[in-house]
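The structure appears right after this line, and notes come after that.
The values are calculated or read from the model by the stated rules, or taken from the named source; none is laboratory data. Here the structure is a predicted model, which is why all the values come from computation and not from measurement. Don't worry about glycine lacking a Cβ; one is built from the backbone with ideal geometry, like all the others, and counts go over all protein chains shown. Side chains included, ligands, DNA and RNA excluded: accessible areas come from the protein's heavy atoms. Shrake-Rupley method; radii C 1.70, N 1.55, O 1.52, S 1.80 Å.
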Amino acid sequence: MSAAQESGHDSGHEPAQAPGQDPGDGGFTLVELLVAIGLLGVVSTLLLGLALSTAEVTDEIQSTADVTQESRLAVERLSRELRQTAAVDKVELTSLGDETTSLTVWTDFDGDGLRDTGISDPEVLTYRWDPTGGRLTLTANDADGAAITRPVLAEVVSRFDLRLLSSAFEPDADGDGRTTWQELDAYPALGGNGNGRPDGAELAHLDLVEVSMTVRDGDVSRDFTLRVDLRNQEGGAG
Ligand SMILES: [Ca+2]
Ligand SMILES: [Ca+2]
Ligand SMILES: [Ca+2]
């Protein structure tokens, strides 16, 4: 008969304690190390912040330059094309409740007296401003005569005022030296039909266009004004 011997006694020994580190042995203490890391962090954050804010300022200046340059090109183009205009075909004004403000003009590039729409150099152009999206677009026909609309400006145009004037002095009812389309509309002798819109036979007497617009890109906005004589306007009383 044998009885299993329990060997329940603890045979292991406690490991020897590592000798305590001597704080005066010339290395960094934990506190010193933490302070150094903390300082490094603060300096890094300051430097990074400085670099970022410099980059933001540079971006801002760049975008201001872009909006100015692109707007100037668009205004110059609009001005150049209007100057060659032979006739105003159609006008829409948001101030009259129209959805967009638009100006459709005919420029007789090939001088044949016809409104060519199916050639590569389109003669009937529509500048249109949509106040909802703030887009200024140009619609012209492509080589097949299909209407193509492209943005004139990538930036938002938040304001686009179109003023149409005539050099005819007779309709200048208030005698201020400027004949507005409203005065023309109220002057039957030059085709005014009194319907409160610039249309019909009145359009032939509109020979001065003033555009006032605001271009916005983020926080930056610029005002542009443009005043163009429609010198080629055939029906204009000059
Ligand atoms: Ca033509
Ligand atoms: Ca007047
Ligand atoms: Ca009218």
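Considering each of Asp144, Asp199 in turn, give the residue that is charged (D, E, K, R) and either out of contact with any strand residue (DSSP E or B) (no Cβ under 8 Å at 6 or more places or on another chain) or modelled with pLDDT under 95 (or both).
Answer to the check: Asp144.
If we keep just the residues of the stretch 209-237 that are of a type in the set (Asp, Glu) and either modelled with pLDDT of 90 or more or in contact with a strand residue (DSSP E or B) (Cβ under 9 Å, 6 or more places away or on another chain) (or both), which is most open to solvent (accessible area, probe 1.4 Å)?
For the stretch 209-237, the residue satisfying everything is Glu234.
If you go through the stretch 143-180, how many residues are touching a residue at least 40 places away in the same chain (Cβ under 8 Å), open to solvent by less than 60 Å² (accessible area, probe 1.4 Å), within 16 Å of ligand 2 (Cβ to nearest atom) and closer than 28 Å to Glu99 by Cβ?
Here the count works out to 3.
Could you go through the stretch 69-84 and let me know if any residue there is assigned to a loop (DSSP other than H, G, I, E, B), among the charged types (D, E, K, R) and open to solvent by 40 Å² or more (accessible area, probe 1.4 Å).
Taking every residue of the stretch 69-84 in turn, none turns out to be assigned to a loop (DSSP other than H, G, I, E, B), among the charged types (D, E, K, R) and open to solvent by 40 Å² or more (accessible area, probe 1.4 Å).
If we keep just the residues of the stretch 96-117 that are away from ligand 1 (no atom under 11 Å from the Cβ) and in a loop (DSSP other than H, G, I, E, B), which is least open to solvent (accessible area, probe 1.4 Å)?
Across the stretch 96-117, the extreme among qualifying residues is Thr100.
Report, by residue number, each residue of the stretch 125-134 that is out of contact with any helix residue (DSSP H, G or I) (no Cβ under 7 Å at 6 or more places or on another chain) and buried (at least 19 other Cβ atoms within 10 Å of the Cβ).
Answer for the stretch 125-134, where residues must be out of contact with any helix residue (DSSP H, G or I) (no Cβ under 7 Å at 6 or more places or on another chain) and buried (at least 19 other Cβ atoms within 10 Å of the Cβ): Arg128, Trp129.
Would you point out which residue out of Trp106, Trp181, Trp129 is aromatic (Phe, Trp, Tyr) and either farther than 25 Å from Leu73 by Cα or within 16 Å of ligand 3 (Cβ to nearest atom) (or both)?
It is Trp181.
Taking Glu155 as meeting all but one of (1) modelled with pLDDT of 95 or more; (2) of a type outside the set (A, V, I, L, M); (3) touching a helix residue (DSSP H, G or I) at 6+ places or on another chain (Cβ under 8 Å), write down the number of the exception.
Checking Glu155 against (1) modelled with pLDDT of 95 or more; (2) of a type outside the set (A, V, I, L, M); (3) touching a helix residue (DSSP H, G or I) at 6+ places or on another chain (Cβ under 8 Å), the one that fails is (1).
Can you tell me which residues in the stretch 181-201 are surrounded by 12 or more Cβ atoms within 10 Å (Cβ to Cβ), free of Cβ contacts under 8 Å to residues at least 40 places away in the same chain and away from ligand 2 (no atom under 16 Å from the Cβ)?
Within the stretch 181-201, Gly191, Asn193, Gly200, Ala201 qualify.
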